[in-house]
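Have a look at the structure below, then the notes.
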Amino acid sequence: MPNKERGSSFRDVARLAGVSLATVSRVASGRAQVREEIQIKVRAAAERLSVTLGAGTRSRVISFLLCNRELLHPIHSRIFLGAEGFCVEHGWELAFQSFRYTVNTPAKNMQLPSILTRRDVVRAVIVGGSNTRDLIEALQRHGLAVTIFGNNLIGDLPAGSCDVVYMDDVEGAREMTRYLIRLGHTHIRFVGNDQLPWVARTASGYREVMEEHGLEACVSGLHSDERQAGYLTTRQLLSRREPMTAIFASSDATAEGVYRALRELNLDVPEDISVVGVNDTEGAILHPALTTIRSFPEEIGYHLAELAVSRLMTPHLPAREISIPTQIVRRDSCRAPMLGGQGARHGGRQPG
């Protein structure tokens with residue numbers, strides 16, 4: 001129960017919002033569901049009256065919710081570190097929580113981790129991993145401020161539904177494709193499963209530039225893990241004996257699979273076929289060192305946490321979107337295509 005002073009403040013909020021005192025208390029505690037439009041009215045009234053709702057005085061905890069991904073994923077673990085850096089700097093706590101759900105689960109049936117349903121413990125959620133809009137709706141039903149890493153979102157978010165941070169992998173893919181074309185490559189093949197949202201984004205940038213230059217875009221990928229997909233798809237492409245002087249792999253892990261397939265067919269990188277990747281998670285340790293698109297996961301995490309706290313402080317603001325640029329890192333895996341090179345002419349040499 002609120003004390004007398006806070007009860008009076010809550011009554012003022014209830015009067016201004018046109019709701020009952022009990023409704024204001026439920027919004028403040030976060031322990032019971034209140035329709036989103038009512039929550040908005042109550043929070044707007046509280047802000048206008050400079051009244052801090054109860055949960056705000058008890059908790060400075062944000063949850064980092066990693067969904068449908070491995071705990072030590074090289075990108076998402078670094079996003080977590082970036083978010084943690086912001087929280088440490090600004091006196092907030094960041095609690096890690098993993099969560100798996102099927103992509104066809106509607107919001108009303110989403111069984112969230114119990115800690116997220118109590119706003120006296122967690123006030124905002126940073127969403128990483130692979131997600132659907134139904135998860136966002138389920139979190140917001142509990143009155144949580146939500147920010148999401150947008151690259152792995154399956155489908156589109158309704159306009160203005162929450163704050164989003166992206167890495168600009170689409171522009172990175174455009175830049176990388178232009179780089180290969182400037183080197184003289186015209187037979188560039190994209191290897192990656194574009195049914196995955198983050199691969200689809202990169203593939204879209206590749207396709208756009210290929211079409212701009214009047215070149216054929218070819219996207220190929222098998223439904224397998226990244227390394228296996230890189231290996232199997234490259235073997236498949238080479239077996240067709242189609243012209244190919246460069247492979248654009250959808251991730252560094254996929255590029256490692258590409259390397260293995262090329263080595264087995266006695267093809268050299270970059271002498272026979274140039275290879276590029278995405279995300280710079282292991283490009284420097286491959287041999288030859290991989291030219292790749294560097295993302296900045298810590299920066300993404302920092303901004304996700306910043307937006308989450310800002311949303312708590314100013315809930316009436318329109319939803320915001322931040323795009324973090326990428327960088328092309330040029331290493332040893334690319335060169336101008338050899339005139340009549342083996343990779344282009346024969347689709348690969350047989351071992352031995």
Most mobile of Ile136, Ile322, Ile285 in a GNM of the chain (Cα contacts under 10 Å): Ile285
Rg over Rh [alpha-carbon atoms, Kirkwood Rh] for the chain: 1.11
0 to 90° range, to nearest 10: angle between helix 36-48 axis and the chain longest Cα axis: 70 degrees
HN-Hα J in Hz across the range 219-225 - Karplus 6.51, -1.76, 1.60, θ = phi - 60°, x for Gly and Pro: 10, 10, x, 9, 7, 8, 5
Net +/- balance of residues flanking Asp163 in space, Cβ distance below 12 Å, scoring K and R +1, D and E -1: 0
Helix-only CD estimate at 222 nm, as mean residue ellipticity for the chain, using -39500 (n - 2.57) per DSSP H run (n ≥ 4): -12500 deg cm²/dmol
Antiparallel bridges, percent of DSSP beta bridges restricted to the chain (to nearest 5): 5 percent
For the chain, with +1 on Lys and Arg beta carbons and -1 on Asp and Glu, the positive-most of Val191, Ile324, Ile38 along the dipole: Ile38
The chain, relative contact order in percent, only Cα pairs under 8 angstrom and at least six apart counted: 18 percent
The chain - charge dipole about Cα centre, Lys and Arg +1 at Cβ, Asp and Glu -1, debye rounded to 20: 1220 debye
Ranked list, fewest to most other Cβ atoms within 10 Å of each Cβ, for Phe190, Phe86: Phe86, Phe190
Distance from the range 216-269 to the range 90-152 (C-alpha centre basis), Å: 36 Å
Per-residue HN-Hα couplings for the range 165-178 [Karplus 6.51, -1.76, 1.60; θ = phi - 60°; Hz; x = Gly/Pro]: 10, 10, 8, 7, 6, 5, 5, x, 5, 4, 4, 5, 5, 4
Assigned charges on the beta-carbon of Lys, Arg, Asp, Glu; the range 196-352 dipole about Cα centre (debye): 320 debye
Residue-count net charge about Gly128 - beta-carbon cut-off 12 Å; Lys, Arg +1, Asp, Glu -1: +1
Magnitude of the charge dipole, the range 23-167, Cβ model with Lys/Arg +1 and Asp/Glu -1, debye to 20: 500 debye
DSSP loop GluC sites (Glu not before Pro) with at most 15 other Cβ within 10 Å: longest gap in the chain: 71-215
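FYI, it's all coordinate maths here, none of it is from the lab. Being a predicted model, the structure only gives us computed values, none of them experimental. We place every Cβ from the backbone using ideal geometry, glycine too, and count neighbours over all the protein chains shown.
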